[in-house]
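Below is one structure; the comments refer to it alone.
What follows draws every value from the coordinates through simple rules; no lab data is involved. Every value quoted in this text rests on a predicted model; they were computed, and no experiment measured them. Backbone-built Cβ (ideal geometry, glycine too); neighbour counts: all protein chains shown.
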Ligand SMILES: *[C@@H]1O[C@H](CO)[C@@H](O)[C@H](O)[C@H]1NC(C)=O
């Protein structure tokens, strides 16, 4: 049997990071090593798969731009449409969940797409990058990874981008979906899933294959709820041209009553429909789109998505030219009490 073809795309991050001594796990330089250097460190990769590699960018993940995300999705889609069995992307962990969720919404393929990062730089004692990369390639090469969308691999776990978040700034067991859990684990670096392939009940696919990647995506700002919040920040965001706003509200997405009124009046006064998606600063839970949150009826509920994932989905919805009613459809597809038990996928095109 010929080994499966797996393509590894490098983007930088801690997995490609370097420090001056082996005890250093903070304050190192990320994105120093190339993807080919990472591959050379793990000879078993070549036994697991016939590898191709390509360096897309080499940056710390906070520096990834929306134009780079679009180019990445277009490049990965082309690769998946070819003869490869699966794709691995090495990525910094700070924003790996955003990139993974973006790819989840913009790639259409049954083939596995696996994002791999590391919490320790390549130069550290017990660096986690090499084992994470081997696990990621084994998953991308395995038939069991098909029809599961995009996955994140770190610390022997297989994670769903929609629900998984970085929970700890330093520790190896940082990536968790506290409520929904992991999809599977690695035993002897081989993937083991807990359940057959499944997709979320409400999913949106944004077709970006024909869009002008260089133009990037519309700006969306996230504003964080807290006591004593100055609502002028919202006015500033709108005046600076935000195409939409995500609110990381208190509790289940709540706002101080007066601020909520002010926010919605800035939005409405501007004379253009600026969609406002309510999310939460709380680590997990559901935010609906009703008037209960001090924000009025025009507010859209972010559901189970974290603010930064609401932002990614709102950017795509704006780029697809959707009006506020359609954006509500995108976000509120899985309402409490909804009778649908079938996966419903809405498709949108970005030109
Ligand atoms: C995406 O859109 C392009 C045209 O822009 C079309 O050719 C292609 O079939 C679409 N892809 C999917 C998966 O629907």
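So the values come out like this:
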quantity	calculated
Estimated inter-spin distance, residue 126 and residue 239, nm [label 7 Å along Cα→Cβ]	5.2 nm
Segments 130-139, 81-90 sorted - mean Cβ within 10 Å per residue, highest first	130-139, 81-90
Ranked list, fewest to most other Cβ atoms within 10 Å of each Cβ, for 195, 205, 224	195, 224, 205
Principal-axis tilt of helix 96-106 within the chain, Cα atoms, nearest 10 degrees	80 degrees
Angle in degrees between helix 307-319 and the longest Cα principal axis of the chain, rounded to the nearest 10	80 degrees
Between the stretch 187-205 and the stretch 64-95, the alpha-carbon center distance in angstrom	19 Å
Computed over the stretch 73-125: relative contact order in percent, which uses C-alpha pairs under 8 Å that are six or more apart	47 percent
Global form of the stretch 11-60, assessed from the alpha-carbon gyration tensor, a/c cut-off 1.5	oblate
Fewest-first ranking of 76, 39, using other Cβ atoms within 10 Å as the exposure measure	39, 76
Helix 257-269 vs. the chain, principal-axis angle (Cα, 0 to 90°, nearest 10)	90 degrees
Inter-part distance where the stretch 108-145 and the stretch 227-253 are each reduced to a Cα centre, Å	36 Å
Mean separation of Cα contacts under 8 Å (6+ apart) over length of the chain, as relative contact order %	15 percent
Prolate/oblate/rounded call for the stretch 54-203, Cα gyration tensor, a/c under 1.5 rounded	rounded
Relative contact order (%) - the stretch 1-159, alpha-carbon pairs under 8 angstrom, separation at least six	30 percent
Exposure proxy order (Cβ contacts within 10 Å, fewest to most) of 125, 308	125, 308
Rounded if a/c under 1.5, otherwise prolate or oblate - the chain, Cα gyration tensor axes	prolate
Antiparallel content of DSSP bridges confined to the chain, in %, to 5	25 percent
Stretch gain in nm, segment residue 252-residue 265, where the contour uses 0.36 nm per residue and the Cα spacing is subtracted	2.5 nm
Value of [θ]222 nm, deg cm²/dmol, for the chain, DSSP H segments ≥ 4, -39500 (n - 2.57) each, nearest 500	-8000 deg cm²/dmol
Gap separating the Cα centres of the stretch 147-172 and the stretch 25-44, nearest whole Å	20 Å
